[in-house]
Amino acid sequence: MNDAEHDLEPMIHIVNVSKTYVMGIEEVHALRGATLDISRNEYVAIMGPSGSGKSTLMNIIGCLDTPTSGLYRFEGINVGELDDDALAAIRNKKIGFVFQMFNLLPRSTALHNVELPLIYAGVPAAERRNRAERALTAVGLAERMHHKPNELSGGQRQCVAIARALVNNPSVILADEPTGNLDSKTGEEIMRIFEDLHEQGHSIIVVTHEEDIAAHAHRVIRLFDGEIAGDVPVERPRRALRHHVTA
Amino acid sequence: MHLNTFREALRIAYRSVGDNKLRSVLTTLGIVIGVVVVTLMATVIEGLGKALDKSIESLGTDVYYVSKWNWFGGDWWKSRNRRDITVSEAQKLRERFTQAIAVVPVVSTWEETIKYGNLSVQGIVNGTVEDYIATTGVLPEEGRFFNDLESNSGRPVCVIGKEVASNLFGKEDPIGKTVKIKGYSYRVIGVFEKEGDFMGSSMFSKDTQVFIPLSNFLHVFGGERSVDIHVKLKPHVDKEEAKIELIGVFRQVRRLPPDKEDDFAVNTQDFLKDVFDSVVSTIGIVGFIITSLSLLVGGVGIMNIMFVSVKERTKEIGTRKAVGARKRDILVQFLIESSFLCILGGAIGLAISFPLSLVIDQFLPSSMPLWVVALSLSISMAVGLVSGIVPAYTAARMNPVEALRYE
Ligand SMILES: Nc1ncnc2c1ncn2[C@@H]1O[C@H](COP(=O)(O)OP(=O)(O)O)[C@@H](O)[C@H]1O
Ligand SMILES: [Mg+2]
């Protein structure tokens, strides 16, 4: 494939990807021959019942894991051929993760949590701080950046996590059940942030099993038993209610 | 490795230890004990070395001590049955042995009472001649040693050790004062500088001794004592050859037939070195064993706690990997944490052993050598690195997905 074709290829190019976990003598087929493309600036929801392989797919897309078989090219790079450090570098520079459990460092301030990817990227301290402050401001947490996670509400913690995902200006933000641990009102506020980020040009992939949440996306991919059971655009994505994070 | 990640690792290590203060301090116990033993051992050895140097200096280098008694080793019963060495034999040795600058007879009492006013102390009284001062490294701090005139005519003068002086005279100036020994009066004309003692023994220290002219001594104490002969060699003579010649000449003096073995001993200060070496190597071996054991126990403890720490922070490791930490970032993080723990243990050890070294200093003038401080901290760090490597590697090679799923 030459450079011109590279440019034409979508950001995420997945062909017939499978993932099999071996647990003792038992094999778990978490993903069975998934094929899909996701382009820059898409807003995609990945839906499906529990155990259908959503997280597995997301981990592969985010280069946390590699496929057992099949092809995955991210921005033209064959991820299957990369070693651990190269995968880490892609996660560091190109991917922003948001987890259901927030996964913040409990002893660190919001600011330090957001700086973390930049620390591993070797960004100098002053610039790091500057960028982390901007990311926190973008998610509406400018006032709270010196607070530790246990001094923040669930919604605010998830905002810190989103700021951390944003701070390295990634190609794509991957959120695995980002509202799963929040009440529906707070969840709605989180979805509003994703909506804003999408409007600013970010690519967003949200894993969820809630129809309400998926309704915000512009495209919904459905997984069932490790296979892609549906992939449809959303006619009129739902708009998040405009109010401020209060909880 | 970026400075960034290094700083991040230090910060995590600091926090992790801070969060588990008691646990951290307990795990470093082995390191603490190891460092305390190493530093105290070095302090004691250093003190002994200093004492040795002083004793060697005070005995005088290049001095042989011809005596009825062996100072070190030798058979006490055999020595006891030897003929006493006489003043005239010393005289003959002086005439015939050519490699010396001084051959000096010294006769000594056991403890005698030395009085001044209504104060008294016990001390050894020596009778000798003016040349004695040429054989010793310890000099009068006040006044002088007696001269040939005083020596030959047996004047009642004396030169006293520092402790005798301070016990009898306190803050008074002893020079010119009169002390009484066996009812006889002696004018103090000199005080020796302080010598200290070697390994708790003042046997070779002049601090508690008194020196009077030999002829006076013989008059007061009689002549039925074996004389020691101090032989100070000329500079640059071969010590071994001189010793052989000395033995040969003295055998002639005593008219020993060739088939008889020596009935005298030629002592040197070298024995002090032997005593020192054997004491130091004993301390060294015992200290080394204790230190190695405590460091081993300490290292295993640290390794164990690091495994716990890695396990406790599995999810954190997953998170760090998700945001781009590489293997070596995680590896370094945990290595720094374990070294930090061990250096902390080392520092606690030093904090304990430093005051103890001051206590040792009271008995055996010494100080904790700086290189030992550096060495202790380096050893601690090395233990930290070695015992941290397996847990750190376990953390570094964790699969990020599994680490994130860990509850
Ligand atoms: N690391 C793993 N080891 C073994 N089995 C796994 C692992 N990760 C996921 N699975 C299994 O793979 C299947 C899909 O899991 P997952 O992708 O987490 O589903 P979802 O996120 O849709 O709930 C499940 O049956 C799960 O138990
Ligand atoms: Mg899941």
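Below, the figures for the structure above:
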quantity	calculated
Accessible surface ranking that places the most exposed of B:LEU296, B:LEU331, A:LEU8, B:LEU52 first, with a 1.4 angstrom probe	A:LEU8, B:LEU296, B:LEU331, B:LEU52
For B:ALA265, distant residues with modelled amide H under 5 Å away	B:SER67, B:LYS68, B:TRP69
Normalised convex hull volume, the protein assembly as shown, alpha-carbon set, Å³ per residue	257
CD proxy at 222 nm, helix term only [per DSSP H run n ≥ 4: -39500 (n - 2.57); per residue of chain A; nearest 500]	-10000 deg cm²/dmol
Over 14 Å [Cα-Cα, segment B:364-407], rounded percent	68
Max mean-square fluctuation residue, GNM over chain A, Cα-Cα springs under 10 Å, options A:ALA45, A:ALA161, A:ALA138	A:ALA138
Chains A and B, summed buried accessible surface - 1.4 Å probe, Å², nearest 100	2300
Charged-residue dipole, Cβ positions (Lys, Arg, Asp, Glu), segment B:61-268 about Cα centre, Debye nearest 20	540
Counting DSSP beta bridges with both ends in segment B:61-268, the antiparallel % (nearest 5)	80
Above-threshold pairs, the threshold being 30 Å between Cα atoms, out of B:LYS171/B:LYS273; B:LYS50/B:LYS243; B:LYS206/B:LYS260; A:LYS19/A:LYS185; B:LYS182/B:LYS260	B:LYS171/B:LYS273; B:LYS206/B:LYS260; A:LYS19/A:LYS185; B:LYS182/B:LYS260
Among A:36-43, A:62-69, the order from most to least packed when residues are scored by Cβ within 10 Å on average	A:62-69, A:36-43
FRET efficiency, A:THR137 to A:ASP225 (Cβ-Cβ, R0 51 Å, nearest 0.05)	0.75
Paramagnetic label zone (point 7 Å from Cα along Cα-to-C-beta, B:GLN252; backbone N under 13 Å) in segment B:70-94	B:92-94
Charge dipole (segment B:1-62, unit charges on Cβ, about Cα centre) - positive-most of B:ILE31, B:VAL44, B:ASN4	B:ASN4
Simple label model, 7 Å out from Cα along Cβ direction - B:ILE389 to B:LEU218, nm	7.5
Solvent exposure of the protein assembly as shown as accessible area per residue, Å², 1.4 Å probe	47
Length gained when the stretch B:LYS180-B:LEU356 is fully extended (0.36 nm per residue, less Cα-Cα span)	59.1 nm
Positive-end residue, chain A charge dipole about Cα centroid, Cβ charges, pick of A:GLN100, A:VAL172, A:PHE224	A:GLN100
Positive-pole candidate from B:GLN209, B:THR109, B:ASN167, dipole of segment B:91-226, charges at beta carbon	B:THR109
Check: the protein assembly as shown dipole with +1 on Lys, Arg Cβ and -1 on Asp, Glu Cβ, in debye	1320
Chain B: radius of gyration over Cα atoms, expressed as a fraction of 2.2 N^0.38 Å	1.50
Within-13-Å neighbourhood charge of A:TYR72 [Cβ basis; K, R +1; D, E -1]	-3
CD proxy at 222 nm, helix term only [per DSSP H run n ≥ 4: -39500 (n - 2.57); per residue of chain B; nearest 500]	-19000 deg cm²/dmol
Among A:GLU27, A:GLU227, A:GLU75: highest mean-square fluctuation, GNM of chain A, C-alpha pairs under 10 Å	A:GLU27
Point-charge dipole on Cβ atoms (K/R +1, D/E -1) for chain B, about Cα centre, debye to 20	1380
Peptide A:95-107, shielding by other chains (average Cβ, 10 Å cutoff)	3
FRET E, pair B:ILE285, B:LEU375, Förster distance 22 Å, beta-carbon r, rounded to 0.05	0.80
Distance between modelled label sites at B:GLN91 and A:HIS218, nm, 7 Å Cα→Cβ extension	12.5
Cα centroid separation - segment B:296-344 against segment B:217-252, whole Å	70
Inter-chain shielding of B:311-323 (mean C-beta neighbours from other protein chains, 10 Å cut-off)	6
Residue-by-residue Karplus 3J(HN,Hα) for segment B:113-125, coefficients 6.51, -1.76, 1.60, Hz, glycine and proline x	8, 10, 10, 9, x, 9, 9, 8, 9, 9, x, 7, 9
Cut-off 13 Å between beta-carbons: net charge of the residues surrounding B:ASP75, Lys and Arg +1, Asp and Glu -1	+1
Shape call, segment B:61-268: gyration tensor on alpha carbons, a/c limit 1.5	prolate
Shape of segment A:47-171, Cα gyration tensor, a/c cut at 1.5	oblate
Relative counts (whole %) of C-alpha pair distances in segment B:1-107, using bins that are 10 Å wide	10, 18, 19, 12, 10, 9, 10, 10, 1
Chymotrypsin sites (Phe, Trp or Tyr not before Pro) within segment B:46-90, DSSP loop, no more than 13 other Cβ atoms inside 10 Å	B:PHE72
Choice from A:VAL15, A:VAL167, A:VAL139 with maximal GNM fluctuation in chain A (Cα, 10 Å cutoff)	A:VAL15
Segment B:120-235 shape via C-alpha gyration tensor axes, a/c threshold 1.5	rounded
Shielding score for B:5-14, defined as the mean number of other chain Cβ atoms within 10 Å	2
Whole-Hz couplings from phi, Karplus 6.51/-1.76/1.60, listed for segment A:137-150; x for Gly and Pro	5, 4, 9, x, 10, 3, 6, 10, 5, 9, 8, 8, x, 6
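The values are calculated or read from the model by the stated rules, or taken from the named source; none is laboratory data. Small disclaimer: the values here were computed from a predicted structure and weren't measured. Because the Cβ atoms are built from the backbone with ideal geometry, glycine has one as well, and the counts that use them run over all protein chains shown. The protein model used for the area step is the full one, side chains on, heavy atoms only, and it has no ligands, DNA or RNA in it. Shrake-Rupley method; radii C 1.70, N 1.55, O 1.52, S 1.80 Å.
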